[in-house]
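Below is one structure, written out as structure tokens; comments come after it.
Since every read-out is calculated from the coordinates, none of them should be taken as a lab result. Computed from a predicted structure; not experimentally measured. Cβ atoms come from the backbone with ideal geometry, glycine included; neighbour counts cover every protein chain shown.
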Amino acid sequence: MASGTVYTGTVYDGAMRIAPDFFCPAVLPVAQRCNAVTNRGGSRCDVYDHMVNVLGRDPVTGYARRPIDNVGVQYGLNALNAATISVDQFLNLNAAVGGYDVDANSSPRARWPIPRRPSRPTRPAG
């Protein structure tokens with residue numbers, strides 16, 4: 001374990017690189033950083049926006065696409081197979097599990113996969 005690394009019980013706290021406002025460099029003034037409430041158009045410091053030329057932009061949000069999803073994951077399948085939970089509990093769990101939104105906040109909606117992109121990065125403009 002790396003010195004200074006903090007492990008917690010949640011993905012969000014344990015993987016802050018998916019949050020657009022957590023790992024901004026000190027040289028980037030706070031006023032220029034993305035903030036979900038006060039500055040949606042600020043610089044996003046998450047790992048996905050660092051890779052926007054590879055991942056492309058979401059046509060709806062304009063932010064970098066996120067190559068993560070949980071569609072098709074069957075949460076609690078081992079517990080169902082072991083008869084530790086009922087079929088109804090399994091179905092309720094999977095209907096309510098949710099995912100993360102573009103700002104790395106918990107969302108009741110699952111994350112859907114991004115459409116396939118060309119295998120080479122997009123060339124920067126200019």
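Say each of Asn78 and Arg17 gets a label point 7 Å from the Cα, pointing the same way as Cα to Cβ; how far apart are those two points in nm?
2.5
Within a 10 angstrom radius of the beta carbon, how do Ile18, Ile68 rank from fewest other beta carbons to most?
By the 10 Å Cβ count, ascending, the order reads Ile68, Ile18.
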